[in-house]
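The structure under discussion appears below in the form of structure tokens.
The values are calculated or read from the model by the stated rules, or taken from the named source; none is laboratory data. A quick note: this is a predicted structure, and the numbers were derived from the prediction, not measured. For neighbour counting, all protein chains shown are included, and Cβ atoms are generated from backbone atoms with ideal geometry for every residue, glycine included.
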Amino acid sequence: MRITRTNPFHALQKKLIPTLQVRVSIADLLPCNRQCFSTHSARSKQPLNIIRLDIQRSTILNQLRIEEALLRASDANYLIINKIPPNERAIVLGISGHAERWAQLHHCAKDSIPLIQRFTGGGTVYLDRNTLMVTVIMNKSATDVKPFPRELMGWSSVIYRKSFEFIDSTTPKHASKQQIAPLFALRGHDYCLLDKKFGGNAQAITRDRLLHHSSLLMDYDINAINHYLLMPSLDRQPEYRKQRSHADFLTPLSNYADETEFCFALETALSEEFSHSCRINQDEVLPYLDRPHDKLLKVLDAERELQRVERQIAATAAQSLSST
């Protein structure tokens, strides 16, 4: 079925991606009924399902639960995009992260900030309404990328660079906005603009499946980040950080790209990797939550974590006294 809608990107889309058979509007980024388009130049013979989560139901915890269920209980490929709701905020740790090493537990406990330990590796992030969460879940057979974190990061960086090149191509030459593609860099497991981070990433790799999820700073509240996150110790910092403060280390993506424009560009770039793409509703994947699967996602209580740390400190002090 051919879908045609008014879209300011149409002329450029035909120029940059001549194989796109169906024209998709920016409005299509919003939740809607199933719609599909295909690309002849796709590297995979498998389809991609695109989900824009409902902002009224897309809490951070709910998204991570959906992701884990789709990774372990589904055999389809997904791109999930979620803008965190206005009143939502959380500290999200890697699967082996220790809350006391990354978070200001006193402040988290006082302000009832939830601590979520995700099912993937990586560091710790503070997420709120300024954060865009982007996740790709796919079969290993859907891509030729080797199933290792570094290779998966490299593959994802190519997709993001294509997205930024698309955005730059749509920006009028007389516009004051700086082009973003020449600034983009992959540094370790971080997406950066020059040497400042705007996106953190983590992966999960199972026998047949791959998951790559990203938290992107469209903007950020530096006061909240300083309030709830500790400055990571030197041995936990990426080398390129060079002991910079949060304020000097981070940069907002919105300085270079509009959120809606970025989401459209990312959809377009990733869709080229698959046989065709279908936009589906969030409700279509909720049944996977009830299917049997391993559940490694945890919610930690900041007050209990604080009490645990205080007990450890007291025990260590008592042991030190007894040995003198």
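Quick notes
- Only a single item in (1) assigned to a helix (DSSP H, G or I); (2) modelled with pLDDT of 70 or more; (3) surrounded by 15 or more Cβ atoms within 10 Å (Cβ to Cβ) is not met by residue 106, and it is number (3).
- Checked against (1) in contact with a strand residue (DSSP E or B) (Cβ under 7 Å, 6 or more places away or on another chain); (2) under 21 Å from residue 83 (Cα atoms), residue 268 passes all but condition (1).
- Residues (under 29 Å from residue 138 (Cα atoms), of a type in the set (D, E, K, R) and over 16 Å from the mean Cα position of the chain (by Cα)) located in the range 244-261: 258, 261
- Residue in the range 272-280 that is in a helix (DSSP H, G or I), in contact with a helix residue (DSSP H, G or I) (Cβ under 7 Å, 6 or more places away or on another chain) and polar (S, T, N, Q) present: no
- Criterion violated by residue 209 - all others in (1) free of Cβ contacts under 8 Å to residues at least 60 places away in the same chain; (2) charged (D, E, K, R); (3) surrounded by 17 or more Cβ atoms within 10 Å (Cβ to Cβ) satisfied: (1)
- Residue 68 being in a helix (DSSP H, G or I) and charged (D, E, K, R): yes
- The residue pairs whose first member lies in the range 102-126 and is within 15 Å of residue 65 (Cα to Cα), whose second member is surrounded by fewer than 23 Cβ atoms within 10 Å (Cβ to Cβ) and among the hydroxyl-bearing types (Ser, Thr, Tyr), and whose beta carbons are closer than 9 Å, counting only pairs six or more residues apart or on different chains, are 117/96.
- Under the condition of being closer than 22 Å to residue 130 by Cβ and either of a type in the set (A, V, I, L, M, F, W, C) or crowded, with 16+ Cβ neighbours inside 10 Å (or both), the residues counted in the range 228-245 number 6.
Yes or no, residue by residue, for (1) aromatic (Phe, Trp, Tyr); (2) under 24 Å from the mean Cα position of the chain (by Cα); (3) part of a helix (DSSP H, G or I); (4) over 19 Å from residue 125 (Cβ atoms):
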{"position": "224", "(1), (2), (3), (4)": "no, yes, yes, no"}
{"position": "232", "(1), (2), (3), (4)": "no, yes, no, no"}
{"position": "263", "(1), (2), (3), (4)": "no, yes, yes, yes"}
{"position": "268", "(1), (2), (3), (4)": "no, yes, yes, yes"}
{"position": "295", "(1), (2), (3), (4)": "no, yes, no, yes"}
{"position": "308", "(1), (2), (3), (4)": "no, no, yes, yes"}
{"position": "311", "(1), (2), (3), (4)": "no, no, yes, yes"}
{"position": "315", "(1), (2), (3), (4)": "no, no, yes, yes"}
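- Qualifying residue in the range 159-168 (condition: free of Cβ contacts under 8 Å to residues at least 40 places away in the same chain, buried (at least 16 other Cβ atoms within 10 Å of the Cβ) and not basic (Lys, Arg)): yes
- Residues in the range 109-122 that are over 19 Å from residue 294 (Cα atoms) and either touching a Lys or Arg at 6+ places or on another chain (Cβ under 7 Å) or buried (at least 20 other Cβ atoms within 10 Å of the Cβ) (or both): 3 in all.
- Subset of the range 281-293 [of a type in the set (S, T, N, Q) and not in a helix (DSSP H, G or I)]: 281
- Verdict on residue 309 being hydrophobic (A, V, I, L, M, F, W, C) and modelled with pLDDT of 95 or more: no
- Inspection of the range 57-72 finds no residue satisfying the criterion of being of a type in the set (Asp, Glu) and more than 14 Å from the chain's Cα centre (by Cα).
Okay, residues lined up against (1) under 16 Å from residue 252 (Cα atoms); (2) at pLDDT 95 or above:
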residue: 176; (1), (2): no, no
residue: 195; (1), (2): yes, yes
residue: 200; (1), (2): yes, yes
residue: 205; (1), (2): no, yes
residue: 208; (1), (2): no, yes
residue: 215; (1), (2): yes, yes
residue: 219; (1), (2): yes, yes
residue: 224; (1), (2): yes, yes
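- Of 129, 150, 161, all but one fail to be within 18 Å of the chain's Cα centre (by Cα), assigned to a helix (DSSP H, G or I) and under 17 Å from residue 218 (Cα atoms); the exception is 161.
- Those residues of the range 253-272 which are surrounded by 17 or more Cβ atoms within 10 Å (Cβ to Cβ) and either among the small types (Gly, Ala, Ser) or farther than 21 Å from residue 53 by Cβ (or both), in sequence order: 254, 256, 257, 265, 269, 271, 272
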